[in-house]
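S.K.: Structure below; questions to follow.
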Amino acid sequence: MNARPSGPLQPRLVLLCLPLLWAASCNQTPPEPESGSPETGPGGENPAVVAVDTHSFAEPERVRVRHVSLDLEADFEQRIVRGSVRLDVDRTDRSAPLTLDVGDGITVSAVEGADQTAREFSIGDPVEHLGRPLRIQLADSDESVTVRYEANVEAAAVQWLEPSQTEGGRQPFLYTQGQSIFTRTWIPLQDSPGVRVTYDATIRCPEDLVAVMSADVRIVKRPGVTEFRLTKPIPPYLIALAIGDLAKRELSERCAVWAEPSLVEAAANEFEDMPSMLAISESLFGPYRWGRYDVLVLPPAFPFGGMENPCLTFATPTILAGDKSLVALIAHELAHSWSGNLVTNATWRDFWLNEGFTVYCEQRIVEALFGPERAAMEIRNGLTDLAHDLADLEEQDEILHIDLSGRHPDDGFSSIPYDKGAALLRRIEEIVGRERFDEYLTKWFSQHEFVSVDTETFVSFLRAELPEAAEAVDLETWINAPGLPSDAPSPASDALDRIDAMRTAFLSSGDATQLDRSSWTTMETLRFLRGLPDGTDPARLDDLDQRLEFTASTNAEILAAWLERRVHNNQDELPVTIRETLEAFLLRVGRRKFLTPLYEAYFHSDADAARALYERARPRYHAVSRGTLDALLDWSSDD
Ligand code: BES
Ligand code: ZN
C-alpha cells in the first residue's frame, strides 16, 4: 500500500508573523527584528512563508530540539546500538508534546523528563518511508527529555560489516549514513534538515576498535570509550559514526586522513592536496567554520562516493586510483562545508540548493587547483550525465524544486539537482561576471550561515543581490519546469572534442591500433568509454580492450564504465574474464552509482545470472543500495 502522509504531514504553509506580512496576518505589533538573526531574511527582506518538511512528523514550531546528547554502546555481537539520547528543547507552545521521528529498527524502552522520572509517550502508526511519530508528554518544567532505546540490525542508517568486508579482514566495522532521512533509524529525534542541533556523544565499543564521528572534539576517555562534541548547529542527517580498525595520518594542522592501517598511507598520498583545497575554498567562499577537515576512507561497501559529514567526510575507497585523478570528489565533499552544511536545504524539495551549489563550488576548486581545462572537462562530463538522465526521467522529476510529498526524498536523486542546479549558477555567473558572482556567493554563505534555507529564499536573495541576473534569467523555467533551458552554458573542451573524434574514427574504421590511451587523463578515458553507443559490436569492443586494457584497469571509475558498456552490448555468452571481473567487482563494491548501471547491464545481458549474483551480494550492501537494486531487479525479501 502506498500510504501517504496524512494529518500534520500534509504540506502546509505556516505563516510566520514577520514584519512584512505582520499587518495582514496578525493583529499585533511586530517585534523588532534582530539584525542578522536567522529568522530575518537576507538583504533585509523576510521569508514570509516557512517551507514545511513533509518528510518529518516533528512540529518544531511548537517544540524544537536544539541539542542532542548521545550515550551509546555498539554491540558488535548482537548488532545492536543501545543506550540513550537526551534532547534539549525550546518550547514555543508549552502545551504541546515533543514529537520525534523514529524509524524502523528502533525500540524505545523508556522516556524520562528532566527530573529523571518517567514521562508518558506514544508511538503512532507507521507512514511509508517515514517511520513513526514518537509523542512525549512534557512536564511543565521539562527543558529536556531522555529516551532510552536500542536500534537493531533493521536500522537502515547503520551498516555492520563482517571482517571479510574490510581491507584488514580481522576486525568488524560499523558506519552510519544519515542523509536523507535515515538518522531517525538509529537516533529518535526531529529528523528534518530545518531543525538544526548541536550534539555530543559518548560512544562505547570493543577496546581494540577506534570510534570516529562528525565532530570537532574527540576525546578518548579510555580504550573503548570515546567522547565527541560538535558545537556548531547542524541538520540531523549530518550526525555520523564509524567504528573499526582505523589509523590516522596528519596532512597539515587542520587536515588528516583516517583509514584502515593498510590503506592509510595510500590514502594520505592520494589526498595530499586536501590542505591546498581547503585554502583555495576559503579564498573563494569565505572562512572555514568547522575547525578540522578530515577524510575517513570506508570499506568498499559504502553506498556513496562521498558523504559530507562535518569535520569528517566519509569516502569510498574506490577513489584511491593511485594518481589523484578522482580527487574532485574530495573537492565536492569539502565544498559542502559551505553549501549544505553551513547553508542547508530546509526541506528535501530544496536539495538542489545543497548539491547544485556544491557542484558549482567543486568545479571552482578544481579550476583553481588543476586549471580551467580540467574544470571544463568535469563540467562537460556532468552535462553529458544530465542529458542521459533527461532522456530517461519523468518530467516531474526534471524539476529543480521537485515535489516529493508522499515519496522518499531519495527518489529525487539524479543529475538534476547536481548538474542542472550548477548550470543555473554558471548561467548567473555568465551574466554578472565572476567578480560580482563571487561576492554574491560569499554573501550567500555568510548571511545564511548555520541556517536552513528554501528555494524561495534563493530567489529573493538573488533578486536583492543580483537584480539584473534575476531579470535576465527565466527563473520560473529554470526552477519549476522540466528539461534544461537553452541558455545553460556549456564550456568548450578541445581535449574532449579530440576524444569524441577518436571514438568516431574508431567506430567507423574498427581499427583500435590507432588508439593509445597512455596520454589520456581519466576524464578523457571516461569520455571515450561513456560515448560508445548502444549496439556497438562486442567483438569490436574486445579488440578495443585488447589494445587499451580496460578490464585490467585499477581505476574503479574506468573499470565500471568499461564493464557497463561491454556487458550492456553483449550478445552471446560473456567472455570468462569479463564475467569474473564483473562479479568480483559487484561482490566487493557497494557504491550505488556503480551498482545500478552494472546490474542493469548484467540483467539486460543475462537476467538469471544477474539475479543469482545479486542474491549472493545483497547481504553485503548497505540498505540504501539494497533499496535501489531491489526495485531495479524486482526483488522482494521472500526471493
Ligand atoms: N551528499 C551527497 C551524497 C548523498 C546525497 C547521500 C543524497 C544521500 C542522499 C554527496 O555529497 C554526493 O553528492 N556524493 C557523490 C559524489 C559527488 C562528487 C557527486 C557520490 O556519492 O557519488
Ligand atoms: Zn554532494
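Please treat every number below as a calculation from the coordinates, not as lab data. Please read these numbers as outputs of a predicted model, since none were measured by experiment. Cβ placement follows ideal geometry from the backbone for every residue including glycine, while neighbour counts extend to all protein chains displayed.
S.K.: Helix 623-632: angle to the longest alpha-carbon principal axis of the chain, degrees 0 to 90, nearest 10?
M.R.: 60 degrees
S.K.: Shape call for segment 247-392 from the C-alpha gyration tensor, a ≥ b ≥ c root eigenvalues: rounded (a/c under 1.5), prolate (a/b greater than b/c) or oblate? Before the final figure, lay out each step's value.
M.R.: Details: a/c = 1.44, a/b = 1.30, b/c = 1.10.
Taking the square roots of the gyration eigenvalues as a ≥ b ≥ c, segment 247-392 is rounded.
S.K.: Just check segment 391-451 against the gyration tensor rule for me: Cα atoms, a ≥ b ≥ c as the square roots of the eigenvalues, rounded for a/c under 1.5, and otherwise prolate or oblate depending on whether a/b exceeds b/c. Could the numbers behind the result be given before it?
M.R.: On the way: a/c = 3.80, a/b = 1.69, b/c = 2.25.
Judged from the Cα gyration tensor, segment 391-451 comes out oblate (a/c at least 1.5, b/c at or above a/b).
S.K.: Please work out how much length the chain gains when fully extended from D208 to D115, using 0.36 nm per residue of separation minus the C-alpha to C-alpha distance, in nm with one decimal. Please list the in-between numbers first.
M.R.: Working: separation 93, 0.36 × 93 = 33.48 nm, distance 3.62 nm.
Going from the current span to full extension adds 29.9 nm.
S.K.: Next question, about the same structure. Please report how many Lys pairs in the chain have alpha carbons closer than 21 angstrom, counting only residues at least 8 apart along the chain or sitting on separate chains.
M.R.: Working: K221/K248; K232/K443; K248/K324; K324/K593; K420/K593.
The result is 5.
S.K.: Of L251, W290, T313, whose Cα points farthest to the positive end of the dipole of segment 217-367 (charges on the beta-carbon: +1 Lys, Arg; -1 Asp, Glu; origin at the Cα centre)?
M.R.: Of L251, W290, T313, it is W290.
S.K.: For the ranges 332-340, 491-499, 204-212, 509-517, what's the packing order if you count other beta-carbon atoms within 10 Å of each residue, average per peptide, and put the highest first?
M.R.: Numbers: 332-340: 25.3, 491-499: 16.1, 204-212: 18.0, 509-517: 12.8.
The packing order, highest mean first, is 332-340, 204-212, 491-499, 509-517.
S.K.: Can you tell me which of 538-545, 373-380 comes out highest on packing, and rank the rest after it, using the mean Cβ neighbours within 10 Å?
M.R.: Per-residue mean Cβ counts within 10 Å order the peptides as 373-380, 538-545.
S.K.: Sticking with this structure for a sec: Rounded, prolate or oblate: which one fits segment 367-477, using the alpha carbon gyration tensor with axes a ≥ b ≥ c (rounded when a/c is under 1.5, else prolate when a/b beats b/c, else oblate)? Numbers along the way, then the final one.
M.R.: Details: a/c = 1.73, a/b = 1.16, b/c = 1.49.
Because a/c hits 1.5 or more and a/b fails to exceed b/c, segment 367-477 counts as oblate.
S.K.: How big is the dipole moment of segment 486-532 about its Cα centre under a simple scheme where the beta carbon of each Lys and Arg is +1, that of each Asp and Glu is -1, and everything else is neutral? Debye, nearest 20, please.
M.R.: Approximately 180 debye in magnitude.
S.K.: Angle, helix 494-509 long axis vs. longest principal axis of the chain, Cα atoms, 0 to 90°, nearest 10?
M.R.: 50 degrees
S.K.: Please name whichever of L466, A561, V63 sits farthest to the positive end of the charge dipole of the chain, dipole taken about the Cα centre and charges placed at Cβ: Lys and Arg +1, Asp and Glu -1.
M.R.: Result: V63, furthest along the dipole toward the positive end.
S.K.: Give, rounded to the nearest 20 debye, the magnitude of the charge dipole that segment 509-560 has about its Cα centre when Lys and Arg contribute +1 at Cβ and Asp and Glu contribute -1 at Cβ.
M.R.: Values: 5 positive and 10 negative charges, 33 e Å.
Rounded to the nearest 20 debye, it is 160 debye.
S.K.: As a check on your grasp of the helix formula, calculate [θ] at 222 nm for the chain: sum -39500 (n - 2.57) over DSSP H runs of n ≥ 4, divide by the residue count, round to the nearest 500. Could you put the intermediate results ahead of the total?
M.R.: Numbers: 19 runs with 224 residues, N = 639.
After summing the helix terms and dividing by the residues of the chain, the value is -11000 deg cm²/dmol.
S.K.: Work through the residues other than V220 whose Cβ is under 14 Å from its Cβ and net out their charges, Lys, Arg +1 and Asp, Glu -1.
M.R.: Summing Lys and Arg as +1 and Asp and Glu as -1 gives +3.
S.K.: Where does each of 153-165, 108-120, 355-367 land if you order them by average Cβ count within 10 Å, highest first? Kindly include the intermediate steps, with their values, before the conclusion.
M.R.: Values: 153-165: 18.8, 108-120: 13.8, 355-367: 24.8.
Going by the mean number of other Cβ atoms within 10 Å, highest first, we get 355-367, 153-165, 108-120.
S.K.: Set Lys and Arg Cβ to +1 and Asp and Glu Cβ to -1, take the dipole of the chain about its Cα centre, and tell me which of Q165, Y149, F528 lies farthest positive.
M.R.: After comparing all options, I get Y149.
S.K.: So, with +1 on the Cβ of K and R and -1 on the Cβ of D and E, and no other charges, what is the size of the charge dipole of the chain about its Cα centre, to the nearest 20 debye? Please report the intermediate quantities before stating the final value.
M.R.: Values: 60 positive and 104 negative charges, 256 e Å.
In total the dipole reaches around 1220 debye.
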